[in-house]
Ligand code: GCB
């Protein structure tokens, strides 16, 4: 699905702003005709944003069930000669959309875009009403999985409670931009780009599709607008002489102009996109970017901020990007779901290597922190065929959405699943086969530290193994000496049983900003520094470790729990994006690791 853009043949109109909003605890909105008649007693709500933390109401924050959003807009008359599309960047989790009271589209995925052709539903000389019903419930047929229970309050009302497996607050609402846009009646429907290079020559392979009859033309332009390659047809392979390769240190983007010309020679449709020429491979236990070994330094992140929750916010996004660069990071993982498309566009521009993750988090018998014994979820039917199909759909849609980003170097299929069950092998093999059919990027799966390398049924199938490790925190709490020993032992076992390289996808400790103690104890800033330094000593002795991503970039909100102090405090930055002491530790290490980048281990 192409990102909406204003081009010489297309127009866009944002619907972001203040919408009407109403809770619907008894799910009566449809019965009462809200899509056609309007919301009867709404309040104001910003879009994009989570609704949970905007007001001071406890009910709103912990609300589980249906909520409604509504806005109105006029459209310029000239739009009615074109096809009009309505597109949502993401709505968490289930959305039903009406235009002027008529059903336009439903979507079951809280972290991926969806759209509908709405031309026939629009009013030409009047105000158009767009209504969205959002449901934030989770089931074991969805990702992430969860469960809702109901109880009767003393007043006789039904109160729903969400039981989730994952360690981030179940923020909900219209989370990403909402856009109306036009496409010509016959238009470009998809563009897929793959890049490579041979010596000084860049190779750009494109596959483009057009809904009508007409020839597609491609032109590659430099930043300065100089044409360097052209091609024609559904598929084309173009060569760029003296290519400037894309990398985090040199995030050079070319522009690919895609056009379709009609019989009269006029341009029928035009869609430009940024492309970066680069090659990613996993070979001899190394991650190669443009044939050079690269060591990943960076963070597991979240889309999370005070007040706006998971609502996309360009202000926070830019602050995060600059803070990561400042700290010397070259990468991040979109833990634990696909991030806004705008984040990947910026990663392309600023230069980050992104591990792009699905929303498959918590396919386990336990919530977080998962300690002790794990019970089965694959073999006892908890993970159903419907969940498997949902996972597959997510993977396919993620690849379709993100495949053209040079920043995306790897697909992460899931975080911390019950991969010690033999049934997991078939489940993951099916996903992996599908990914390999569609794209040649390396595949990763991320493991919980309770998964034993000798008894993991999935790691042997992937290209890169992700490990989340908390020895000295969740095990032997506060004892870094024991933590170091156990970490060393664990990583050595992975190294000895698997051939693939390992990225440490999580390591970190909860740290309350401003809490200090000498000698250190858990939760102090000193302990966070010592924990990281201890872990780094171990990583540096492990040839299989090709990257380290600290958990987490910033403090983030979780559900209330005895092990969480107003959220998860493992951030290197606070939730308002100011540094803890450990930022300096990472910066000193990561900025002096240039050599390691270039030569690998
Ligand atoms: C994990 C999870 C992550 C949690 C983290 C923690 O292993 O992948 O979602 O937030 O541990 O802090 O416990």
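The values are calculated or read from the model by the stated rules, or taken from the named source; none is laboratory data. None of these values were measured; they are calculated from a predicted model. Virtual Cβ from ideal backbone geometry, glycine too; neighbours counted across all protein chains shown.
Of everything in region 154-172, what is away from the ligand (no atom under 16 Å from the Cβ) and either assigned to a loop (DSSP other than H, G, I, E, B) or within 22 Å of the chain's Cα centre (by Cα) (or both)? Give them in sequence order.
Within region 154-172, 154, 155, 156, 157, 172 meet the criteria.
Before we move on, is residue 410 more than 16 Å from the ligand (Cβ to nearest atom) and surrounded by 24 or more Cβ atoms within 10 Å (Cβ to Cβ)?
Judged against the criteria, residue 410 is a match.
Checking residue 256 against (1) within 32 Å of the chain's Cα centre (by Cα); (2) surrounded by fewer than 19 Cβ atoms within 10 Å (Cβ to Cβ), which test does it fail?
The failed condition is (2).
Please tell me if residue 547 is assigned to a loop (DSSP other than H, G, I, E, B), assigned by TED's automatic domain parsing to the domain that holds residue 364 and more than 14 Å from the ligand (Cβ to nearest atom).
Spelling it out, it is not the case that residue 547 is assigned to a loop (DSSP other than H, G, I, E, B), assigned by TED's automatic domain parsing to the domain that holds residue 364 and more than 14 Å from the ligand (Cβ to nearest atom).
For region 478-497, indicate whether the set of residues that are at positive phi, in contact with a helix residue (DSSP H, G or I) (Cβ under 8 Å, 6 or more places away or on another chain) and in the same structural domain as residue 557 (by TED's automatic domain parsing) is non-empty.
yes
Could you identify the single residue in 513, 482 that is without any contact (Cβ under 8 Å) to a residue 12 or more places away in the chain and more than 30 Å from residue 245 (Cα to Cα)?
Matching residue, one of 513, 482: 482.
So, in region 318-345, exactly how many residues are surrounded by fewer than 19 Cβ atoms within 10 Å (Cβ to Cβ), touching a helix residue (DSSP H, G or I) at 6+ places or on another chain (Cβ under 8 Å) and under 26 Å from residue 435 (Cβ atoms)?
So the answer is 1.
Look through region 426-479, keep the residues that are free of Cβ contacts under 8 Å to residues at least 40 places away in the same chain and assigned to a strand (DSSP E or B), and return whichever of them is farthest from the ligand (Cβ to nearest atom).
It comes out as 443.
Given the conditions (1) within 29 Å of residue 46 (Cβ to Cβ); (2) crowded, with 22+ Cβ neighbours inside 10 Å, and given that residue 315 satisfies all but one, which numbered condition is not satisfied?
Only one criterion in (1) within 29 Å of residue 46 (Cβ to Cβ); (2) crowded, with 22+ Cβ neighbours inside 10 Å is unmet by residue 315, namely (2).
Quick check on region 492-508. Is at least one of its residues within 15 Å of the ligand (Cβ to nearest atom), within 25 Å of residue 563 (Cβ to Cβ), assigned to a loop (DSSP other than H, G, I, E, B) and under 28 Å from the mean Cα position of the chain (by Cα)?
Start the filter on region 492-508 by keeping residues that are within 15 Å of the ligand (Cβ to nearest atom), which leaves 503-508.
Subset that is within 25 Å of residue 563 (Cβ to Cβ): 504-508.
In the following step, the residues that additionally are assigned to a loop (DSSP other than H, G, I, E, B) were identified as 507-508.
Subsequent filtering for residues that are under 28 Å from the mean Cα position of the chain (by Cα) retains 507-508.
Looking for residues that are within 15 Å of the ligand (Cβ to nearest atom), within 25 Å of residue 563 (Cβ to Cβ), assigned to a loop (DSSP other than H, G, I, E, B) and under 28 Å from the mean Cα position of the chain (by Cα), one finds at least one in region 492-508, hence yes.
For the list (1) part of a helix (DSSP H, G or I); (2) within 28 Å of the chain's Cα centre (by Cα); (3) within 15 Å of the ligand (Cβ to nearest atom); (4) over 30 Å from residue 458 (Cα atoms), I need the number of the one condition that residue 527 fails.
(2)
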